[in-house]
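These notes concern the structure reproduced below.
Rule-based calculations on the coordinates, nothing more; no lab input. Since we're looking at a predicted model, the values are computed, not measured. Glycine also receives a Cβ, built like all others from the backbone with ideal geometry; neighbour counts cover every protein chain displayed.
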Amino acid sequence: MQKIVPNLWFDGNAQEAADYYVSVFSDGKLINTTYYPLTEAEGLADFQKDFAGKVLTVEFEIAGMRFIGINAGPLFKFNESVSFMIPCKDQAEIDYYWDTLTANGGEESVCGWLKDKYGLSWQVCPENWEELNSKPGAFKKMMGMKKIVIADF
């Protein structure tokens, strides 16, 4: 088991998000689902009464990495201070992840960054990122891109 497992906070749609992520990554799989207790006697807090019996956590794996999605309400939202990088072997793979993750409400940003329809930030970039960035003028080119286009370096 990996030593650090990212926990992602969702507002009631952790199961939907986990199902989505495992569909995006070819090796994705659902691992485990837990549920909120049904009653106070089983440990349900008064402020959680709207969650009774609903999904609490969904553990899933994508690209060999485990994640836990937790349904914990609207208090916290994702932001760009945390993102997940997807190193891609070629332009076709970049295009696949970019197009898939920006579809249905996702948002393009700059330099290979995007937000998916759940607001989670991703960096979709070539595996040889360091090599491309060592070319003259690479930083300026990259700053002018949304999706990274390898041929433009």
Quiz item: Per the helix-only calculation at 222 nm, which mean residue ellipticity applies to the chain, given -39500 (n - 2.57) for every DSSP H run of n ≥ 4 and division by its residues, nearest 500 deg cm²/dmol?
Solution: -6000 deg cm²/dmol
Quiz item: Which order, highest average first, do 23-30, 5-12 follow once you tally other Cβ atoms within 10 Å for each residue and take the mean per peptide?
Solution: 5-12, 23-30
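Calculate, in nm to one decimal, what Glu93 and Phe139 gain on full extension: separation in residues at 0.36 nm each, minus their alpha carbon distance. Write down the numbers at each step before the final one.
On the way: separation 46, 0.36 × 46 = 16.56 nm, distance 2.16 nm.
The Glu93-Phe139 span can extend by a further 14.4 nm.
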Practice problem: Provide, in order from the shortest bin, the percent of all Cα-Cα pairs of the range 83-152 in each 5 Å bin, continuing until the bin that contains the maximum pair distance. | Solution: 4, 19, 30, 25, 14, 6, 2, 0
Exercise. Determine the relative contact order of the range 26-98: mean sequence separation of Cα pairs under 8 Å and six or more apart, normalised by residue count, in whole percent.
Key: 26 percent
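How large is the direction-averaged shadow of the alpha-carbon convex hull of the range 1-143, in nm²? Could the numbers behind the result be given before it?
Working: hull surface 40.4 nm².
Directional mean of the projected Cα hull area for the range 1-143 stands at 10.1 nm².
Not counting the cut sites, what is the longest span of the chain without GluC sites (Glu not before Pro) that DSSP labels loop and that have at most 14 other Cβ atoms within 10 Å? Could the numbers behind the result be given before it?
Values: sites that count: Glu80, Glu127.
Maximal segment without exposed cleavage sites: 1-79.
What is the sum of charges around Tyr20, taking Lys and Arg as +1, Asp and Glu as -1, for the other residues whose C-beta is under 11 Å from the C-beta of Tyr20?
Working: positive: Lys117; negative: Glu16, Asp19, Asp116.
Cβ neighbours under 11 Å give a net charge of -2.
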Exercise. Please determine, in degrees from 0 to 90 and to the nearest 10, the orientation of helix 14-24 with respect to the longest principal axis defined by the Cα atoms of the chain, where the helix direction is its Cα long axis.
Key: 30 degrees
Self-check item: Range of Cα positions in the range 7-71 per principal axis (Å), largest first
Solution: 41, 17, 15
Quiz prompt | Percent RCO, i.e. relative contact order, over the chain, from Cα pairs under 8 Å lying at least 6 residues apart | solution = 21 percent
Exercise. Please tell me which of these pairs span more than 26 angstrom C-alpha to C-alpha: Lys89/Lys115; Lys89/Lys135; Lys3/Lys146; Lys77/Lys147?
Key: Lys3/Lys146
